[in-house]
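Student: Provided herewith is a single structure, encoded as structure tokens, for subsequent inquiry.
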Amino acid sequence: MALSTQVAGAGPLLRASLRNEVRSFAPWILIPIALSVSSVIVYPLLFPDLSERMSFATTIGSNPALGLIFGPAFDLSTVDGFNAWRSLALGGFAVALGAIFIVVGASRGQEDSGQAELLASGVLGRQSRLLTAVATGVLMSVIAGVATGVVTVLCGGSWGASMVLGAGFTAMGATFAGVAAVTSQIGADARTASSIAVAVLGVLFVLRGFLYSIDAPSWTSWINPLGWVTETRPASGDHWLPLVYAVILAVLLVAVAFALQSSRDFGQGLVAARPGPARGSIRSPFGLAVRLNRSPAISWSIAFIGLGVVFGYFTGSVKDIFASNPALTEVFAAGAASPDDLSSAFVVTILSLAGIIASICGVQTMNRVRAEELDDRAEPVLAAAVSRIGYLRSNVLIALGIPAVCVLVAGAVMGVFVSFADLGLDFGDVIRQALATLPAVWTVVALAVAVIGARPAVRIASWAGVLASFVLTLLGPSFKLPDWALGISPFWHVPDVAVDSSNGLGLIWISLFTLAFLAVGTAGFRRRDTP
């Protein structure tokens, strides 16, 4: 069949898609812009002279916890160098995530909803929808990259470094638009396709940070597509060549996706969905919540075993890290009385990072409650002998339980590493610290319960707790924020149980906030309409 027939109608479909979906681009464009602009504006204000910048660079540059997230710090003594370190990895992650959701939604999402059949009834080629989906994701990535570069320049960044930074965002978005195009052919439905693509992004992101943090051989950065973007080195090299590799990979992935689409049935993935039992066995809303979230729970638990290994490696070598960089102690425990205190403070920080990541799955669970409403699957359940409160309570228990399991799994794996290291801590100390971290995790999830229960129209606000906790916990102390600002993050109130196990006042306060958020969400869900 001729290529023109295969992609017939792609142009009009693309224009219609952009008119309907352009508003969904906003978060994925604004996040990288906000990261970059805030960096070039705030850094000169916080560190006006060279001595302060060099001290900051010494303290942060070899911090393994920050390196795992932000990547290597090639140059923290300049505004553009700081912006590249702070924005490149996270901004690119956001653009890549947006590209995944856009491509999957415009391809497999339309098949799941039945919209694709309506479109296919017109003059539309078999490959047109996938071509439109990929083009939409790539266009969003281009807008995000160009807008970030231009706005950063207008706010004080240099032209060359800012445009390389923006091009890195575009390259990551285009690459994962290709990944999403492939997973859309593999997954049994849109949710599965998104989960696979996001899992690939998450694994590559953590692997990139881990290899850089342990000073792995330089060739290891070239086996990871995210390493290619890092190697552009905005402000400390401005290398454009690695982006060519990302573009080539994106083209190859899209070609593979088109080939796979030709060999699968409409509405089906290459990995078929497992048929359900002939007779249902679920007898309660809690059983339904468990069934719906069983696969994500298993996936997250396995992922946290891997994170526990990574975090355990860093924790086991914490004394070597502090010995090579004494200034780093200020990040974890200013005024600590002994090396053992430093080690326990490092464990607190690492487990807080694990808790922030774990809270994501809890917020996802609550957002799935809203998705069930919008897809008209909640009303049939509530029409039976199931109360609104019972339905919500079942999902809330799952949303609180999965992150708790993840944190404890990571803590157990870390505890094994700690028990073999001479840190003045044992397995039990790490487990107790993991338990002390759970109330902070639950506060973040409870905020999502309040938003989904009372004001689901603004469900984007359900992610506010994750974002605020991440920024304030990891970067707040380094940016000299006052205690009242740091206290907005519930993880700031987590005590170091190995040093002072009696200091639990902060946990009491955040637990009260957790209960208040849960009460607001419950009351709102009882009164509002569905969906």
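The values are calculated or read from the model by the stated rules, or taken from the named source; none is laboratory data. What you are looking at is a predicted structure, and each value in this text was computed from that prediction instead of being measured. All Cβ positions, even for glycine, are placed from backbone atoms using ideal geometry, and neighbour counts span all protein chains on display.
Student: Right, T530: in contact with a Leu (Cβ under 8 Å, 6 or more places away or on another chain), part of a loop (DSSP other than H, G, I, E, B), within 30 Å of E372 (Cα to Cα) and among the hydroxyl-bearing types (S, T, Y) or not?
Tutor: Against the criterion (in contact with a Leu (Cβ under 8 Å, 6 or more places away or on another chain), part of a loop (DSSP other than H, G, I, E, B), within 30 Å of E372 (Cα to Cα) and among the hydroxyl-bearing types (S, T, Y)), T530 qualifies.
Listed here are the residues, each with its yes/no results for (1) part of a loop (DSSP other than H, G, I, E, B); (2) acidic (D, E); (3) crowded, with 22+ Cβ neighbours inside 10 Å.
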position	(1), (2), (3)
V179	no, no, yes
Q185	no, no, yes
A199	no, no, no
L207	no, no, no
T232	yes, no, yes
A235	yes, no, yes
L249	no, no, no
L252	no, no, no
A259	no, no, no
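Student: Could you grab me the full set of residues in region 216-240 that are modelled with pLDDT of 85 or more and among the hydrophobic types (A, V, I, L, M, F, W, C)?
Tutor: W222, I223, L226, W228, V229, A235, W240
Student: Can you pull out every residue in region 80-96 that is under 14 Å from M54 (Cβ atoms) and surrounded by fewer than 24 Cβ atoms within 10 Å (Cβ to Cβ)?
Tutor: Within region 80-96, just G81 meets the criteria.
Student: For S158, only one of the following conditions fails: (1) modelled with pLDDT under 85; (2) surrounded by fewer than 21 Cβ atoms within 10 Å (Cβ to Cβ). What is its number?
Tutor: It fails just one condition, (1).
Student: Consider region 479-490. How many of its residues are surrounded by fewer than 21 Cβ atoms within 10 Å (Cβ to Cβ) and part of a helix (DSSP H, G or I)?
Tutor: Going through region 479-490 one residue at a time, the tally reaches 4.
Student: From the list S462, S511, which residue is under 27 Å from the mean Cα position of the chain (by Cα) and surrounded by 21 or more Cβ atoms within 10 Å (Cβ to Cβ)?
Tutor: Result: S462 is the single residue among S462, S511 that is under 27 Å from the mean Cα position of the chain (by Cα) and surrounded by 21 or more Cβ atoms within 10 Å (Cβ to Cβ).
Student: Here are some conditions: (1) in a loop (DSSP other than H, G, I, E, B); (2) surrounded by fewer than 23 Cβ atoms within 10 Å (Cβ to Cβ). L423 meets all but one. Which one does it not meet?
Tutor: All conditions are met except number (2).
Student: Looking at region 392-415, can you tell me whether even one residue there is of a type in the set (V, I, T), over 29 Å from I305 (Cα atoms) and part of a helix (DSSP H, G or I)?
Tutor: Within region 392-415 (the criterion being of a type in the set (V, I, T), over 29 Å from I305 (Cα atoms) and part of a helix (DSSP H, G or I)), the answer is no, since none of the residues qualifies.
Student: Taking G476 and the conditions (1) buried (at least 17 other Cβ atoms within 10 Å of the Cβ); (2) within 21 Å of the chain's Cα centre (by Cα); (3) part of a helix (DSSP H, G or I); (4) not basic (K, R), which numbered condition does it fall short on, given that it satisfies the others?
Tutor: (3)
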